[in-house]
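The values are calculated or read from the model by the stated rules, or taken from the named source; none is laboratory data. What you are looking at is a predicted structure, and each value in this text was computed from that prediction instead of being measured. Using ideal geometry, Cβ is built from the backbone for each residue, glycine included, and neighbour counts are taken over all protein chains shown.
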Amino acid sequence: MDIREIFLGKSKKLLWERLNPSHVVDGATGQGFEKDEAYFVLRMKEMHLATTRKLWRRFYPMLHSFLEYNNTNTHAVAGPGQLKELGEANLDRVINLNYRLAGPTAYMGGDVSILVGLYSVPGEDAARALVDTVGVIANLSGLALGQAINIANAVKTGVENIVGLDEARLELGIRDSFFQNNPLQSGYYVGINAPRSEVDFDQLWLDKGRLIKGSDPVVGVPYKEYDYMVLEIERRTSRDDWPGLPGIAEFQQKFSAIMRDSLLSVQEKRERLKSIWTQFTQVLAESPHLIRPDREQIAESVSSDLKARLRAMESGNPFETRGWADGNVTAKLPTEFDFLDVPDYVDHSDATSVRSAKASLMGNPFAV
């Protein structure tokens, strides 16, 4: 034995690679991201520890992630820590799948950076402080820059509580950035706590969100040779949670108040809608949480829905079947406006419908 081997050790290049789309069963992959045309979502599809018991201690996987984009940092924690109130026994048996870490985020070009760590965490009392800490941080979701002080305090408290404990261990860490020479595209990325030479990557498949190994997915068996994590970059072209986005939610009350006011005539309601429409479209146009097609779709759908309600009031038919009621006689009265009830009025395959949507965002549909 060479005595130098006691003091020297060669580093290992652990595996981090995008899974070939042909090795993904029933999964849409390989789409690029155009500026202001799509959202991206970072999702933990699966994580696994090859060893969950060391002597008398049981360990379970926990994943920490940071996504940095457009001067905003988003932090998330995925793991069974939320179940600790029911007891810490057998947390290693919890299956962790399809957990959203960040997004949907409007892609506006520029670099997207991710930092992800897969930890093995003891589930006994000695690690309770760490579980509590990541639980607190997980609750601080949203605009992470605004939560920086709270996150720092939570981490500081957690570190003080676990001083001297070395059981929690980083098994695999990934730091990667997507930019011009490494473009962001949808797909599945696999990180394995082993050198590339020790993993037959061509034998790996993703089926129903689970990593399997075999000559094909039909005969494949669950992969469990090494610690690993599978991350997905998901591409979306719309988001249905827009009614609750910052700046937009307050217009729900403004529109609703106008439509409910029984002292106003239909023409007076139309005039008031006209007076605040420019403010609404300005918020849509400046929102960093929306892409262009959604800004246009929201403007067109909200204006069309409101105009349909005004027509129903003018006709004196509370169950007007056009527009907002959509033929359903049990629909809400036209005075009961709610963003959540607004359907999508835009047909993106119809050039006329698309032009109308652009006009609703750029102009004022209540001015005519």
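Among the residues of the range 218-226, is any aromatic (F, W, Y) and assigned by TED's automatic domain parsing to the domain that holds R196?
yes
Out of everything in the range 311-335 that is outside any helix (DSSP H, G or I) and of a type in the set (A, V, I, L, M), what residue ends up being modelled with the lowest pLDDT?
V329
Step by step: first the residues of the range 30-57, then only those that are among the small types (G, A, S) and touching a Pro at 6+ places or on another chain (Cβ under 7 Å), then the one that is modelled with the highest pLDDT. Which residue is that?
G32
Pairs only if they're at least six apart or on different chains, beta carbon under 8 angstrom, first in the range 336-352 and assigned to a loop (DSSP other than H, G, I, E, B), second exposed (fewer than 13 other Cβ atoms within 10 Å of the Cβ); list them, first residue then second.
From residues that are assigned to a loop (DSSP other than H, G, I, E, B), the pairs are P343/D326.
If you go through the range 238-269, how many residues are surrounded by 17 or more Cβ atoms within 10 Å (Cβ to Cβ) and more than 18 Å from V342 (Cα to Cα)?
1
Would it be correct to say that W277 is within 18 Å of A357 (Cβ to Cβ) and within 22 Å of the chain's Cα centre (by Cα)?
no
Residues that are at pLDDT 80 or above, among the polar types (S, T, N, Q) and surrounded by 14 or more Cβ atoms within 10 Å (Cβ to Cβ): list the strands (runs of 3 or more DSSP E) wholly contained in the range 99-208 that include at least 1 such residues.
Of the strands (runs of 3 or more DSSP E) lying wholly inside the range 99-208, those with at least 1 residues that are at pLDDT 80 or above, among the polar types (S, T, N, Q) and surrounded by 14 or more Cβ atoms within 10 Å (Cβ to Cβ) span 112-122, 187-195.
Failed condition for G27, given (1) modelled with pLDDT under 75; (2) assigned to a strand (DSSP E or B), with all others met?
(2)
Return yes when R239 is in a loop (DSSP other than H, G, I, E, B), under 20 Å from the mean Cα position of the chain (by Cα) and at pLDDT 90 or above and no when it is not.
yes
Quick one: what pairs do we get from the range 211-235, first residue at pLDDT below 90, second β-branched (V, I, T), C-beta under 9 Å, 6+ apart or different chains?
P217/V25; G220/I212
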